[in-house]
Amino acid sequence: MTGDPSQPSPVAPDPLNVVLIGFMGCGKTTVGALLAQQLGFAFVDMDHLIVKKAGVSIPRIFQERGEAGFRALESEVLEELCQTTRRSVISTGGGVVTVPENLPRLRRLGYVIWFNLPEDVLFERISRNQDRPLLHTPDPRRTVSELLQKRLPLYSAAADLEADLTGLTPHEAAYGLAETVRVHFAGAPAEAEPPPLRP
Ligand code: S3P
């Protein structure tokens, strides 16, 4: 993992976390939960923690505090995770990279994997639910396009690894990623190792 040895880390030097980033609908939560199972890690969903902290739903947070208020909460939760979390797979919200201070936080938190999927696939998946306030616009397709163009360079800058999961089922994606993560964390203490295969 990359890291500046001159910067003190608030937790153990290598927290052995996997941090999933990417646009809404890219599968961070579904694949992330399966990946955590495969690795024997805990699964943490940042959106869930934000809702818990605020005591209201995400659409309600946007309504009451605006996007800036949501980003402030999201950044606080991310900083808290940096202080406390180890051996976990963390699914972030798609806009976490839009706050510049969050890029070093993501990298401090763990091994950052970006799920990069084609725009059409993302839009098709996102249109299945209405829980994303940023897409409550007259032309959601165009909004997705514009947000994605702005965010692509940010995901790229934040990521240690870009994963193309096109055409894979969530189980296939999680299985392949678990192998990659094990190689990345090779040399870590034994509890990070996968359980032995049963005949
Ligand atoms: C957002 C993505 C959402 C959620 C919020 C804002 C964004 O999370 O954090 O609606 O700005 O892209 P998912 O990426 O899990 O949908």
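What follows draws every value from the coordinates through simple rules; no lab data is involved. Source: prediction; values computed, not measured. Every residue, glycine among them, receives a Cβ derived from its backbone with ideal geometry; neighbour counts consider all protein chains shown.
Under 11 Å from the Cβ of Ser75, count the other residues' Cβ atoms, weight Lys and Arg +1, Asp and Glu -1, and hand me the total. Please list the in-between numbers first.
Numbers: positive: Arg71, Arg105; negative: Glu74, Glu76, Glu79, Glu80, Glu101.
Residues close to Ser75 contribute a combined charge of -3.
Under a 5 Å amide H cut-off, with hydrogens placed 1.01 Å from N, Ile21 pairs with Ile113, Trp114, Phe115 among residues at least 5 apart or on other chains. Rounded to whole numbers, the Karplus 3J(HN,Hα) couplings from phi for the range 39-47 are 8, x, 9, 6, 10, 10, 10, 4, 4 Hz, using 6.51 cos²θ - 1.76 cosθ + 1.60 with θ = phi - 60°, and x at Gly and Pro. Between Gly93, Gly176, Gly55, the Gaussian network model of the chain with springs among Cα atoms under 10 angstrom shows the greatest mean-square fluctuation at Gly55. Under the classification rounded if a/c is under 1.5, otherwise prolate if a/b is larger than b/c and oblate if not, where does the range 101-172 fall, given a ≥ b ≥ c as square roots of the Cα gyration tensor eigenvalues? Taking the square roots of the gyration eigenvalues as a ≥ b ≥ c, the range 101-172 is oblate. Give the Rg/Rh ratio for the chain, taking Rg as the radius of gyration of the Cα atoms and Rh as the Kirkwood radius, to two decimals. Value, to two decimals: 0.96. Across the chain, the mean sequence separation of Cα contacts (distance under 8 Å, 6 or more residues apart), normalised by length, yields a relative contact order of 34 percent.
Quickly estimate the mean residue ellipticity at 222 nm for the chain, helices only: each DSSP H run with n ≥ 4 gives -39500 (n - 2.57), and the total goes over all residues, rounded to 500.
Theoretical 222 nm ellipticity from helices: -16000 deg cm²/dmol.
Do any trypsin sites (Lys or Arg not before Pro) in the range 126-155 lie in a loop, going by DSSP, with at most 10 other beta-carbon atoms within 10 Å of their beta carbon, and if so which? Walk me through the intermediate numbers first.
Details: sites: Arg128, Arg141, Arg142, Lys150, Arg151; in loops: Arg128.
Passing both the DSSP loop test and the Cβ count: Arg128.
Under a 5 Å amide H cut-off, with hydrogens placed 1.01 Å from N, Ala159 pairs with nothing among residues at least 5 apart or on other chains.
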